[in-house]
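Chemist: First, the structure itself, so that you have it in front of you.
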Amino acid sequence: MTSNTPKVLVFTGSAREGSLNKQLAQLAAKRIEALGGQATFIDLKDYPCPLFDQDIEAQGMPDNVLKLRAILAEHQAVFIASPEYNGFITPLLKNTLDWLSRPYEDTPGLGLFAGKWAALVAASPGGLGGIRAMPLAQQLLANLSLTVLPQPLSLPQAGSAFNDSGALHDEATGQKLDALCQRLVDSLAKTHG
């Protein structure tokens, strides 16, 4: 990897061990690497943050928020696997993005997201594949000034979608994931190359 290799931060809005979205995010990170990008997968479970509250913020930015801010600052894009809870994005994802969008020291609000790209996927054990929450996640990311790639990937029946090595059984779905990862890497290369 060269110093100008596109860097993508990959995470999911689920902290659960065995999360299907976590599996999909980890696979996406591998595919981004294989397609010429540099991916960093993080588990938000390792960075627990309090529920966003300006009274907490006024006492000083929580340590884990500062750690996440530093990680995000090193990347030109985010790749998010967004679970669906009752047709909406998860509280974990919303809370994390709320904290990261706050002004801090000489970085204005939304400053960490300026000029960055985003790609979205969703996995679900049901037949809809998280598709109801996808437009809400896209809207939130656009509100944060991210450029969101069209045609996100939805993975229904995700409980049986992965093989023992973590790849997708269905070749066509694997190709769609690769196409999304490739579009992200190519977009970054054009704007940051």
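Chemist: Give a quick list of trypsin sites (Lys or Arg not before Pro) in the stretch 10-59 that DSSP marks as loop, anything other than H, G, I, E or B, with at most 16 other Cβ atoms within 10 Å. It would help to have the intermediate numbers written out before the result.
Modeler: Working: sites: R16, K22, K30, R31, K45; in loops: R16.
Those satisfying the criteria are R16.
Chemist: Here is a further query. Semi-axes of the equivalent ellipsoid for the stretch 85-193, please: Cα gyration tensor eigenvalues, times 5, square-rooted, ordered largest first, whole Å.
Modeler: 28, 19, 11
Chemist: Still on this structure, please answer the following. Give me the one-decimal nm value for the distance between modelled label points at E105 and K45, 7 Å along each residue's Cα-to-Cβ direction.
Modeler: Placing both labels 7 Å beyond Cα along the Cβ direction yields 3.1 nm.
Chemist: Quick one: the Cα spread of the stretch 61-121 along its three principal axes, in angstroms, biggest first?
Modeler: 37, 24, 17
Chemist: If ligands, DNA and RNA are left out, what is the accessible area of L35 with a 1.4 Å probe, given in Å² to the nearest 10?
Modeler: Taking all protein chains as shown, L35 has close to 40 Å².
Chemist: Sticking with this structure for a sec: Can you classify the stretch 1-60 as rounded, prolate or oblate using the Cα gyration tensor, where a ≥ b ≥ c are the square roots of its eigenvalues, rounded means a/c under 1.5, and otherwise it's prolate if a/b beats b/c and oblate if not? Walk me through the numbers on the way to the answer.
Modeler: Values: a/c = 4.29, a/b = 1.62, b/c = 2.65.
The shape class here is oblate.
Chemist: Next up: Given DSSP loops and a limit of at most 11 other Cβ atoms within 10 Å, what is the longest stretch of the chain that contains no such GluC sites (Glu not before Pro)?
Modeler: It works out to 106-193.
Chemist: I want to verify the translational diffusion coefficient of the chain in µm²/s; compute it with Stokes-Einstein, Rh as the Kirkwood radius over Cα pairs, at 10 °C and 1.306 mPa s.
Modeler: Details: Rh = 16.8 Å.
Estimated diffusion coefficient is 95 µm²/s.
Chemist: Counting only heavy atoms of the protein chains, get the accessible area per residue of the chain (1.4 Å probe) and round it to a whole Å² value.
Modeler: Spelled out: the 1.4 Å probe surface of the chain, per residue, equals 48 Å².
Chemist: Follow-up question, since we're still on this one. How much of the DSSP beta bridge set in the chain is antiparallel, as a percent to the nearest 5?
Modeler: The answer is about 15 percent antiparallel.
Chemist: Can you tell me the FRET efficiency between K190 and A73 if r is taken as the Cβ-Cβ distance and R0 is 22 Å, rounded to the nearest 0.05? Please report the intermediate quantities before stating the final value.
Modeler: Numbers: r = 21 Å, r/R0 = 0.96.
According to the calculation, E is roughly 0.55.
Chemist: Relative contact order (percent) for the stretch 40-193, with alpha-carbon contacts under 8 angstrom and 6 or more residues of separation?
Modeler: Dividing the mean separation by the residue count of the stretch 40-193 yields 20 percent.
The values are calculated or read from the model by the stated rules, or taken from the named source; none is laboratory data. All values derive from a computational prediction rather than experimental measurement. Cβ coordinates were reconstructed from backbone atoms using ideal geometry, including for glycine residues, and neighbour counts include every protein chain displayed. To get the accessible areas, we keep the full protein, side chains included, count just its heavy atoms, and leave off ligands, DNA and RNA. Shrake-Rupley method; radii C 1.70, N 1.55, O 1.52, S 1.80 Å.
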